[in-house]
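Okay, structure first, notes after.
The values are calculated or read from the model by the stated rules, or taken from the named source; none is laboratory data. These figures come from a predicted structure and were not determined experimentally. Cβ placement follows ideal geometry from the backbone for every residue including glycine, while neighbour counts extend to all protein chains displayed.
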Amino acid sequence: ITIQTNRRARRFPRPRRDRTMNIDIVGGGSLGLLLAGKAARVAGVRVRLIARTSAQAEGIARDGVSVLETSGVERRSRLSCASFDAAVSEPVEADWLWFATKQTHWSEALLAYAAGAAKAGARLLLFQNGVGHAERLAGAGAPPESVFVAVTTEGARKTAADAVAHTGAGTTAIGSAGAAASEAAAADLTGQALPARDVLRAAGFDADVVPDIERYVRRKLLTNSVINPLTAVLRATNGELAASPHYRSVMRALFDEAYAALTTAADAADPEAEWRQVLRVCELTAGNHSSMLQDVLGGRETEIEAITGAVLRSAAAKGLAAPTNAAMYAMVRGLSSAKVDADS
Ligand code: KPL
């Protein structure tokens, strides 16, 4: 395939010595390692991982990233790696920054870094769960036409600071987060996402550019709001959740409330098809610990605010009750504060 670098050369006339596409992947968690390990093997692409700690950055810069593929084969990729603190002190060289960072890691420093990179001509691709980060980036001054959103159902589990298991092959939809003034502008923005799609495809992922990414964001939010808090509270895998009729009835209550809160008239979706889709995600990622369960087990802050919190805010805005989601919200918040209390 041909990878286009697609940089806005007129506004940012940095001379390019070659046609290599530079991608910085921010976040050394399960998804960041998976993306970096696989994209680093694509010809014509230079990948740098930006990790939160210098210990992880040094290890990866030395030994690379190991990916245990869904086929069972383990492959190690060499790539450069820097800590976030080191990366922010240098000028941005990347054509694209892919963010595989938790909502809870979007500090003011990261927002400022991302907005600065976008203003300097880089494109941003946000792989987050939940909602709210694109709006925060716009608030930090990132030009909306530079911001793209990726919704992925790839399953990944981090097994060491430099190793990840690809636990379920999924699909990735990419779209523009920037509101386009006209149909032509929207088509242009969609076209600008093609280089990212091409790299993902060349790395072995099933990826597409879509015109209606908001719909995918809502659907992912729906899926995460049903699976993540419940797996975190029960300490169950995604597969165990769907396999139990008892858990399934709680899932359905969460789903019905979230579906009513999140679906707009424009979506015109079939709730039963959406419900089957949630169950299918459980099936495809059956061995997975959801990201929220991983956070609870690791004693980290969870994304409950950006997931169930977002459902509750949408329900409140529509005047709808969402008692099962409210209970999940309280329980996951309770788990996090129990951890904080135990630490203090
Ligand atoms: O996105 C996920 C997550 O864990 O955050 C799912 C799709 C539930 C896979 O585990």
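A few points about this structure:
- Flag if Leu189 is in contact with a helix residue (DSSP H, G or I) (Cβ under 8 Å, 6 or more places away or on another chain) and away from the ligand (no atom under 16 Å from the Cβ): yes
- Of all residues in region 108-132 being surrounded by fewer than 23 Cβ atoms within 10 Å (Cβ to Cβ) and at pLDDT below 90, the one that is farthest from Glu90 (Cα to Cα): Val131
- Residue pairs whose Cβ atoms lie under 7 Å apart, separated by 6 or more positions or on different chains, with the first residue in region 148-172 and under 19 Å from Ala61 (Cβ atoms) and the second polar (S, T, N, Q) and surrounded by fewer than 23 Cβ atoms within 10 Å (Cβ to Cβ), are Ala161/Gln56; Asp162/Ser66; Ala163/Ser66.
- Whichever residue in region 139-157 is of a type in the set (Gly, Ala, Ser) and modelled with pLDDT of 90 or more and, among such residues, is surrounded by the fewest Cβ atoms within 10 Å (Cβ to Cβ): Gly139
- Filter result (touching a helix residue (DSSP H, G or I) at 6+ places or on another chain (Cβ under 8 Å) and among the small types (Gly, Ala, Ser)) within region 50-63: Ala51, Ser54, Ala57
- Test result for Thr263, β-branched (Val, Ile, Thr), within 16 Å of the ligand (Cβ to nearest atom) and in contact (Cβ under 8 Å) with a residue 24 or more places away in the chain: no
- Scanning region 89-107 for residues that are among the charged types (D, E, K, R) and touching a residue at least 24 places away in the same chain (Cβ under 8 Å) yields Glu93, Asp95, Lys102.
- For region 235-258, the count of residues that are more than 16 Å from the ligand (Cβ to nearest atom) and buried (at least 22 other Cβ atoms within 10 Å of the Cβ) is nonzero.
- Check on Ala87, at pLDDT below 95, at negative phi and within 21 Å of the chain's Cα centre (by Cα): yes
- Count of residues meeting criterion [within 12 Å of the ligand (Cβ to nearest atom) and among the aliphatic types (A, V, I, L, M)] in region 154-168: 1
- First in region 273-297 and over 20 Å from Ala160 (Cβ atoms), second anywhere and of a type in the set (S, T, N, Q) and more than 9 Å from the ligand (Cβ to nearest atom), Cβ under 6 Å, 6 or more apart: Met292/Thr302
- Looking across Val92, Val147, Val131, one residue alone is within 16 Å of the ligand (Cβ to nearest atom) and among the β-branched types (Val, Ile, Thr). It is Val131.
- The listed residue being hydroxyl-bearing (Ser, Thr, Tyr), closer than 19 Å to Leu31 by Cα and at pLDDT 95 or above, out of Thr167, Thr172: Thr172
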